[in-house]
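Below: the structure, in structure tokens.
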Amino acid sequence: MPALRKAARGRSPSKSPRWSEPRRRWAALLALALLPLVPACTGASTGAASAATTAPLTPLTIESGGRTHRFEVEVARTPEEQAQGLMFRDSLAPDRGMIFPFDPPRPASFWMKNTLIPLDMIFIRADGTIARIAAMTVPHSLAPVDSGESVAAVLELAGGRAAALGIREGDRVRW
């Protein structure tokens, strides 16, 4: 073994017979080919999450305590949009959100898997009144957040926004 170490000492790794010129070229090409996959491995935003942030916005208002609070929300209509929700978002503007409509109304249960930011979940009855507010839901939590009754929609806003605006159960949502 000492003889091998002595012989290898004088050689540069780039001149090693193990890494001939053709092998080095193939290794470099392979590294370049795999480079686009790096964001997927690091948990960076995927195409689906990026596309959701550019979805058309719908106006939504909440009437609370004699005031009208205005938001622009994405509508998660399809099962795929509803499954994706606000996952992988690293921020949400105070006047933005996402609404999940249900037709017919039904009991709803959400979780925060892959959701990076706290959210307020506002459960809305068929008549437009707020049935329940789950404030500041915990990012990445797998614990279910339930509506407690049948609802026609769930509105997700930035965590703490409902309390900051004085939004309460019984207030009216229109969209």
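Each reported figure results from applying straightforward, stated rules to the coordinates on display, with no laboratory input. Just so we're clear, the structure is a prediction, and the values are computed from it rather than from any experiment. Virtual Cβ from ideal backbone geometry, glycine too; neighbours counted across all protein chains shown.
On the beta carbon distance between residue 67 and residue 91, with R0 = 35 Å, the FRET formula returns roughly 0.90. Across all C-alpha atoms in the stretch 110-154, the radius of gyration and Dmax reach 10.8, 31 Å.
Relative to its residue count, the stretch 48-144 spans a Cα convex hull of 108 Å³ per residue. Taking every C-alpha pair closer than 8 Å and separated by at least 6 residues, the mean separation divided by the residue count of the stretch 52-175 gives a relative contact order of 30 percent. Among 138, 121, 107, whose Cα projects farthest towards the positive end of the dipole of the stretch 107-167, with charges put on the beta-carbon of Lys, Arg (+1) and Asp, Glu (-1)? Result: 138, furthest along the dipole toward the positive end. Neighbour counts of C-beta atoms inside 10 Å place 61, 137, 68 in the sequence 68, 61, 137, starting with the fewest. Using R0 = 41 Å, the C-beta based FRET efficiency linking residue 174 and residue 140 works out to 0.80.
Applying a DSSP loop filter and a limit of 13 other Cβ atoms within 10 Å to the trypsin sites (Lys or Arg not before Pro) in the stretch 50-137 leaves 77, 113.
Place a +1 charge on the Cβ of each Lys and Arg in the stretch 48-135 and a -1 charge on the Cβ of each Asp and Glu, then give the dipole magnitude about the Cα centre in debye, rounded to the nearest 20. Before the final figure, lay out each step's value.
Working: 9 positive and 10 negative charges, 39 e Å.
That gives a dipole near 180 debye.
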